[in-house]
Amino acid sequence: MSDTRRAIAREMARKYIDAGDPLGWFEALYSLAGGDTSIIPWADLAPNPNVVEWLDRQGPAAPGSALKVGCGLGDDAEELARRGFQTTAFDISATAIERCKVRFPGSEVAYLVADLFSAPKTWGGRFDLVLESYTLQVLPPGLRAAAVESIAGFVAPGGTLLVVARGREPEDPEGKMPWPLIREELEPFEGRGLKRISFEDYMDHEDPPARRFRATYRKVH
Ligand SMILES: C[S@@+](CC[C@H](N)C(=O)[O-])C[C@H]1O[C@@H](n2cnc3c(N)ncnc32)[C@H](O)[C@@H]1O
């Protein structure tokens, strides 16, 4: 993905964060884009290959309920539903959720507008699979610990959490949005009743390749 495609989103993110509203730019960006998704840097209009690869590796285990955090335009949620998961997907942007419904009429996914930081209480401990891909990396570092706590809370006993994010070393510069995470930012998942099952640190197949962290957790208590 080119930096040109990211320029508008980066400028918008900076403006909103500087104004003390670090979540406001998502709706502003989707709403500015309207039907033209080319200015939304993450809108590939296809399921995330890092997620698909992971799902393919899981084999034919019986799917249950799934929750997609920050679903954007819905491609990952649709992929989960296609694989048999009873899928709920949410995003803070009402326009994004509206676009999901337009793109996938008759979808079996329950699309909802919700804020990760004030999610419905009924979602606590409810989902067999929780998928977090690329939301943490668009939140300023100061919000990530609270986001981790909220995401961990959605996983049912015995359930699985998959997290996919850009990665960097602590001594590397923070960079520009999407801001890569340091591995330590994922560690609090393990303090929330989740056991780390796997952790991958790899270069993906994007051009140019991006460093990714892909971590799997199981809710043990
Ligand atoms: C980088 S995008 C990734 C979207 C999608 N997962 C994908 O890979 O195409 C992050 C998404 O998280 C949403 N988001 C950001 N903060 C959120 C919050 N507090 N609650 C719910 N969704 C949020 C944004 O609106 C955006 O759609």
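For first residues located in segment 6-24 and more than 16 Å from TRP179 (Cβ to Cβ), partners that are open to solvent by 70 Å² or more (accessible area, probe 1.4 Å) and lie 6+ apart or on another chain with Cβ distances below 8 Å form the pairs ILE8/LEU32.
Note on segment 99-114: residues that are open to solvent by less than 40 Å² (accessible area, probe 1.4 Å) and out of contact with any strand residue (DSSP E or B) (no Cβ under 6 Å at 6 or more places or on another chain) amount to 1. Considering segment 164-200 alone, what residues qualify as being farther than 19 Å from ALA147 by Cα and either open to solvent by 80 Å² or more (accessible area, probe 1.4 Å) or touching a residue at least 60 places away in the same chain (Cβ under 8 Å) (or both)? Across segment 164-200, the qualifying residues are GLU171, PRO173, LYS176, ILE197. Of the residues making up segment 5-37, those that are of a type outside the set (A, V, I, L, M) and more than 19 Å from the chain's Cα centre (by Cα) are ARG5, GLU11, ARG14, LYS15, TYR16, ASP18, GLY20, ASP21, SER31, GLY34, GLY35, ASP36. Is it the case, given these coordinates, that TRP25 is under 26 Å from ARG144 (Cβ atoms), within 9 Å of the ligand (Cβ to nearest atom) and open to solvent by 60 Å² or more (accessible area, probe 1.4 Å)? Answer is no for this residue.
Could you identify the single residue in VAL163, VAL148 that is touching an Asp or Glu at 6+ places or on another chain (Cβ under 9 Å) and in a helix (DSSP H, G or I)? Only one candidate qualifies: VAL148. Among the residues of segment 83-98, those identified as open to solvent by 50 Å² or more (accessible area, probe 1.4 Å) and without any contact (Cβ under 8 Å) to a residue 24 or more places away in the chain are GLN86, GLU98. Output the residue which, of all residues in segment 119-148 that are over 12 Å from the mean Cα position of the chain (by Cα) and among the hydrophobic types (A, V, I, L, M, F, W, C), is most open to solvent (accessible area, probe 1.4 Å). It comes out as ALA145. For segment 42-51, check the following and say yes or no: at least one residue is within 13 Å of the ligand (Cβ to nearest atom) and at positive phi. Checking segment 42-51: at least one residue is within 13 Å of the ligand (Cβ to nearest atom) and at positive phi. ARG126 - would you say it is touching a residue at least 60 places away in the same chain (Cβ under 8 Å) and more than 28 Å from ALA9 (Cα to Cα)? So ARG126 fits the description; yes. Without any contact (Cβ under 8 Å) to a residue 12 or more places away in the chain, within 21 Å of ASN50 (Cα to Cα) and either of a type in the set (Lys, Arg) or outside any strand (DSSP E or B) (or both), is that true of ASP207? Against the criterion (without any contact (Cβ under 8 Å) to a residue 12 or more places away in the chain, within 21 Å of ASN50 (Cα to Cα) and either of a type in the set (Lys, Arg) or outside any strand (DSSP E or B) (or both)), ASP207 qualifies.
Among the residues of segment 153-163, what is the count of those that are open to solvent by less than 10 Å² (accessible area, probe 1.4 Å) and free of Cβ contacts under 8 Å to residues at least 60 places away in the same chain? The total comes to 2.
Within segment 53-103, restricting attention to residues that are within 14 Å of the ligand (Cβ to nearest atom) and part of a loop (DSSP other than H, G, I, E, B), the residue that is farthest from LEU162 (Cα to Cα) is SER93.
The values are calculated or read from the model by the stated rules, or taken from the named source; none is laboratory data. Computed from a prediction, not measured in an experiment: that's the story for all the values here. With ideal geometry, Cβ positions are generated from the backbone for all residues, glycine too; neighbour counts draw on all protein chains shown. The accessibility values were calculated without ligands, DNA or RNA, using every heavy atom of the protein model including side chains. Shrake-Rupley method; radii C 1.70, N 1.55, O 1.52, S 1.80 Å.
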